[in-house]
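> Got a structure for you, written out below as structure tokens; questions coming shortly.
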Amino acid sequence: MSETPIPLFSDTETRPTPGMRAAIAAAEVGDEQKGEDPTVIRLQERVAELLGKEAALWLPTGTMCNLVAVKTHTRPGDALVADWMAHVIRAESGGAALASGVVVEPIRTERGIFTADELQAAMDRIAAVPEPYGQPVGLVCVEQTHNFGGGAVWPFKALDAIAAVARARRVPLHMDGARLLNACVALDVPAAEVAARVDSLWIDFTKGLGAPIGAVLAGTAKFIARARRYKQLFGGAMRQAGIAAAGCLYALDHHVGRLAADHENARQLARGLADIAGIKVRTAAPDTNMVFFDASGLGLSNREFLDRLTAAGVRMSGAGGAIRAVTHLDVSRADIDRALATVREISLGR
């Protein structure tokens, strides 16, 4: 019998643990669309408390969190400022433009972390267009951690500087917090300390936290009340969603502290890859659970390398012109060793 493939393609590949499955099976449920599901209500209250925000809103996916947040914060014709490789720009099928009618003003960076000066310059470019030809900046978005930036974490100093510029311009600051708790573990800070620096943000439970469904958007009570309308409009209201919310609650109880093990596995993978001739590691010291590297030095295209890797039982992905490996709760240290051994075999057999 062949070995089980090693799932380094994405942390979205995590599967519910036996304990999570038991929590899901035992969940108390009600009509979520009517605000009557007790498990969803508990999750929303817990996330609001965790993030230090007035209110929170359950949604099926993180992409819908961004879709709803952009729609709630902006008006058609507004400009949205974000890193050029931000998920809200590159991986959401143009949802912000389609649903909210916003114009995107991208900031080009190396790892997704732009500076206050770069944000100021982007906003100045927009403001320089005289009326009636220009448009106001409606929203600034940051991503924590930054996916295509190699799982990069926004340091407090950088985030504070961005927030100061946004506040001075009276523009709301939204955080795509898909992997927010990875960042909090890496920074060793409470989630509320990060959340205090932005006007709205969300947590995705289907990545490193290992739940099968769900994300929660948080902000002021007024913001969430408006967001609820767009949740309904975009088809995000559900019925007995407590079966999914129970998995998210279980993840908060059992899967946050262990994210540090994923980060260490990513560092181990990066160190091992860096020692293989022909492999160029872009994230030599990963902030969190992602390793980006290039295998073209082996005389293979990254696509060819990925095909050989998959055939040998190791699944990684192509992302941003590189190869991406993502560690998570279904990847052990032994899996990292096996993945490295497989890469070595491919490198020697080229």
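Read-outs throughout are calculated quantities, based only on the coordinates presented, and are distinct from any laboratory measurement. What you are looking at is a predicted structure, and each value in this text was computed from that prediction instead of being measured. Glycine also receives a Cβ, built like all others from the backbone with ideal geometry; neighbour counts cover every protein chain displayed.
> If the elastic network links every pair of Cα atoms under 10 Å, which of GLY52, GLY62, GLY297 fluctuates the most in the Gaussian network model of the chain?
GLY297
> Let me ask you something else. Kirkwood Rh and Cα-based Rg: tell me the resulting Rg over Rh for region 258-348, rounded to two decimals.
My calculation puts Rg/Rh at 0.93.
> Which loop-located trypsin sites (Lys or Arg not before Pro) does region 1-110 contain, where loop means any DSSP state but H, G, I, E or B and the Cβ has at most 13 other Cβ atoms within 10 Å?
ARG108
> Follow-up question, since we're still on this one. Rounded to whole Å, give me the distance from the Cα center of region 46-71 to that of region 138-193.
Here the two parts' Cα centres lie 15 Å apart.
> Can you give me the relative contact order of the chain as a percent, contacts being Cα pairs under 8 Å and 6 or more apart?
Relative contact order here is 24 percent.
> Which of the peptides 308-314, 332-338, 260-266, 174-180 is most tightly packed, and how do the rest follow, judged by the mean count of other Cβ atoms within 10 Å per residue?
174-180, 260-266, 308-314, 332-338
> Something else about it: For region 278-328, state what percent of all Cα-Cα pairs lands in each successive 10 Å bin, counting from 0 Å until the bin that includes the largest distance.
That works out to 27, 58, 15, in percent per bin.
> What are the lysines whose alpha-carbon lies under 25 Å from the alpha-carbon of LYS222, with same-chain residues fewer than 8 places away excluded?
LYS34, LYS53, LYS71, LYS231
> Follow-up question, since we're still on this one. Along each of the three principal axes of the Cα atoms of the chain, give the extent in whole Å, ordering the values from largest to smallest.
Reported extents, whole Å, longest axis first: 61, 54, 34.
> Now for a separate question. Taking every DSSP beta bridge with both residues inside region 18-254, roughly what % is antiparallel (nearest 5)?
40 percent
> Using a Gaussian network for the chain with springs between C-alpha atoms less than 10 Å apart, which of these wobbles most: ALA295, ALA128, ALA195?
ALA128
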